[in-house]
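Heads up: the structure comes next, in structure tokens.
FYI, it's all coordinate maths here, none of it is from the lab. Just so we're clear, the structure is a prediction, and the values are computed from it rather than from any experiment. No Cβ is skipped: glycine too gets one built from the backbone with ideal geometry, and neighbour counts run over all protein chains shown.
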Amino acid sequence: MKAACLREFGGPNVLQYEDVAQPEPGRGELVVKVAACGINRYDLYMRMGAVFTDITFPHVLGADVAGTVAAIGDDVAGWHEGDTAIVAPGYPIDPADWDIKPENHAPSFEVTGTHTWGGNAEYIRVPARFVLKDETGLPAEQVAAMPLVLMTAVHAVETLGEVRAGASVLVQAGASGSGIACVQVAKMLGARVAATVGSPEKVATVTEAGAELVINYKEGNFADAVLDWTNDVGVDAVIDNVGGSVFEDNLRALRPGGVFVNFGLVGGMKATLNFRDLFFRQHQLRGSFMGSMDEFKRGLAWLGEGKIRAFVDRTYALSEAAEAHRYIDSRAVRGKVVLIP
Ligand SMILES: NC(=O)c1ccc[n+]([C@@H]2O[C@H](COP(=O)([O-])OP(=O)(O)OC[C@H]3O[C@@H](n4cnc5c(N)ncnc54)[C@H](OP(=O)(O)O)[C@@H]3O)[C@@H](O)[C@H]2O)c1
């Protein structure tokens, strides 16, 4: 089969479109024919060798797969060839961990395409228990834009952020793949949403996704804007995928007792925490990584019901994976980029 393969870590050019062996399903596994595979910034970090270095080459990235069942292993019930399928964007890769709930607390839980081959290929092999029937009725490129960011958004916003109707929420990087999903989930839960962007072109997209206030942080301090918006109180929750560079201002924008959820670090891995402010202001700091199968299913149901939607900025042929990575790196993306084999 054709795949966008890594044979070394490095820049986008290390992604080579080439022939590799097509996977066969083992016991309890499905092979899914990939119709579309979304890209996440995680894939860029993986490609650079910035997440794990214990990867066996050749390697195939890609967590977000929509497709159809192509082959069924022994001991798999309920699936037929041709069924439309969505692969879980993360799952425990050690079968010994398969009964741990929530799945993202399992020691071997990881993003799909980390130590197993992902969906930047014509076929992917996955344990059947981590494949769901695609009941959204949506085109494959829209479905493939959602799994990882949807699982993340439900976990970060609803579960950890405790966002409910009437809450006020700040979402960082509102036009990022994960940010735009968080904006939508918060809005759908009945919250008032503020979000940051780094260019004027992104304002309309994030407004369309449901944000009431969109702040271009290059035109003014976002924490000041959020405090203005909340009559100097601060928001109930900050949902952050930027990390170090905005940490202090994120906490400045958060009300006393508010919840800070971080799940990303595009703006740096480290920050300074002032413990005096932490206890006086009673901020709840929470780290978020992906989510559970239940959260994923809940998000997919909302997608199928049209309560949230995919923002697909561009699609690229799988053979153009390097170009697609370059586009994401440019920071111009509004929403998601999807590869089509
Ligand atoms: N823990 C999890 O479960 C989880 C899940 C999903 C994503 N993530 C993490 O969340 C982060 C975003 O991922 P994504 O896939 O949503 O990214 P993405 O779609 O590529 O968007 C990233 C955006 O972040 C903004 N940004 C702000 N400061 C930046 C900087 N210094 N360098 C680059 N971009 C910067 C840029 O938008 P502006 O120019 O508009 O600011 C950029 O377009 C990554 O760290 C990713 O690993 C984690």
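DSSP assigns beta bridges within the chain; of those with both partners inside it, close to 55 percent run antiparallel.
The shape of the chain can be summarised by an equivalent ellipsoid whose semi-axes, obtained from the alpha carbon gyration tensor, come to 34, 20, 19 Å from longest to shortest. For the chain, which span is the longest to avoid every loop-located (per DSSP) member of trypsin sites (Lys or Arg not before Pro) having at most 14 other Cβ atoms inside 10 Å? So the longest stretch without any such site is 28-163.
Over the chain, dividing the summed -39,500 (n - 2.57) contributions of all DSSP H runs of at least 4 residues by the number of residues returns a 222 nm mean residue ellipticity of -6500 deg cm²/dmol.
Spin-label model, SER108 to SER199: label points 7 Å out along the Cα-to-beta-carbon direction sit 4.2 nm apart. Relative to the longest principal axis of the Cα atoms of the chain, the long axis of helix 293-304 makes an angle of roughly 80 degrees. Seen from every direction in turn and averaged, the convex hull around the alpha carbons of the range 150-287 projects onto 7.2 nm².
Once Rg and the Kirkwood radius are both taken over the C-alpha atoms of the range 118-164, their ratio Rg/Rh works out to 1.05. Phi angles of the range 80-89 translate, via the Karplus equation with coefficients 6.51, -1.76, 1.60 and θ = phi - 60°, into HN-Hα couplings of 10, 4, x, 4, 6, 9, 10, 8, 4, x Hz per residue; Gly and Pro are given as x. When the pairs LYS33/LYS101; LYS101/LYS218; LYS270/LYS307; LYS2/LYS336; LYS2/LYS187; LYS2/LYS202 are compared against a 32 Å limit on Cα-Cα distance, LYS101/LYS218; LYS270/LYS307; LYS2/LYS187; LYS2/LYS202 fall above it. Give me the Debye-computed log₁₀ of I(q)/I(0) at q = 0.12, 0.19, 0.21 Å⁻¹ for the range 240-332, equal point scatterers on Cα only, no solvent, two decimals. Each listed q maps to, in turn, -0.63, -1.05, -1.08.
For the range 23-106, GluC sites (Glu not before Pro) are listed when DSSP marks them as loop and at most 14 other Cβ atoms sit within 10 Å of their Cβ; the list is GLU81.
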